[in-house]
Amino acid sequence: MKLIRWFLGRLILTIDFLTRPKPLTRQAEAQDRIDALTKKLSIYQFSACPFCVKVRRQLRKNSLKIELRDAKNNAEHKEELMRKGGKYKVPCLRIETKTGDIKWLYESNEIIAYLKTELMLSPE
Ligand SMILES: N[C@@H](CCC(=O)N[C@@H](CS)C(=O)NCC(=O)O)C(=O)O
């Protein structure tokens, strides 16, 4: 079972690499504005999780520089996700709000929808 999971993980990463989207190019000022917003975000994830790959593809496509935190191999990140986020599930978006509060957003579709709305990304 572990071997099958490992193989599927490699397959997902290979397909993702071969079909990855081209990053969007913005004017420097627009990119700086987006970078300032995404500085307050981080994503807890596993490298070969298909839901995390889906979110990472959106980051790449929209040239979003969001810190990725490995919740599988990094014990500190794993513990933080479980204790503060509330459950051990990835992907999870950690959001530092304007008032300094921390919010934890689970579900890949919710994360992508949040990024599109908050960062005013153009629709597909
Ligand atoms: N519906 C969720 C599914 C997320 C999910 O199932 N993630 C798996 C990894 S692929 C997970 O976190 N499993 C917990 C574990 O492995 O302990 C989404 O779209 O984000």
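Here, each number is a calculation from the coordinates, and none is a lab measurement. Values in this document were obtained by computation on a predicted structure and should not be read as measured data. With ideal geometry, Cβ positions are generated from the backbone for all residues, glycine too; neighbour counts draw on all protein chains shown.
Can you list the equivalent-ellipsoid semi-axes of the chain, largest first and in whole Å, using the square root of 5 times each Cα gyration tensor eigenvalue?
On the way: eigenvalues 119, 83, 24 Å².
After scaling each eigenvalue by five and taking roots: 24, 20, 11 Å.
What percent do you get for the relative contact order of the chain when only Cα pairs under 8 Å and 6+ apart count?
It rounds to 24 percent for the chain.
Please give the charge dipole size of the stretch 37-124, origin at the Cα centre, charges +1 on K and R Cβ atoms and -1 on D and E Cβ atoms. Round to the nearest 20 debye. Mind showing how you got there, number by number?
Numbers: 19 positive and 11 negative charges, 33 e Å.
In debye, rounded to 20, the stretch 37-124 gives about 160.
Find how many whole Å separate the alpha carbon centroid of the stretch 65-124 from the alpha carbon centroid of the stretch 1-61.
About 13 Å separates the Cα centre of the stretch 1-61 from the one of the stretch 65-124.
Sort 32-38, 54-60, 85-91 for me by packing, meaning the mean count of neighbouring Cβ atoms within 10 Å per residue, highest on top. Can you show the working numbers first?
Numbers: 32-38: 14.1, 54-60: 18.3, 85-91: 16.6.
Taking the mean over residues of other Cβ atoms within 10 Å, the ranking is 54-60, 85-91, 32-38.
If a cysteine in the chain has no other Cys Cβ under 4.7 Å from its own Cβ, put it on the list, ordered by number.
Flagged as lacking a Cys partner: C92.
Arranged by the count of other C-beta atoms within 10 angstrom, fewest first, what order do M82, M1, M120 take?
Details: M82 14, M1 5, M120 10.
Exposure proxy ranking, most exposed first: M1, M120, M82.
Considering only L18, N62, M1, whose Cα is most displaced toward the positive end of the charge dipole of the chain, charges sitting on Cβ of Lys, Arg (+1) and Asp, Glu (-1)?
Positive-most Cα among the choices belongs to M1.
What's the FRET efficiency of R33 with T99 using the Cβ-Cβ distance as r and R₀ = 25 Å, to the nearest 0.05? Can you show the working numbers first?
Numbers: r = 20 Å, r/R0 = 0.80.
The formula returns an efficiency of 0.80 here.
Compare the peptides 94-103, 107-116, 72-81 by average per-residue count of other Cβ atoms within 10 angstrom and give them in order, highest first.
Going from most to least packed, we get 107-116, 72-81, 94-103.
Provide the percentage of antiparallel DSSP beta bridges, counting only those with both residues in the chain; round to the nearest 5. All intermediate terms of the calculation are to be shown ahead of the outcome.
Numbers: 9 of 13 bridges.
Beta bridges within the chain, antiparallel portion: roughly 70 percent.
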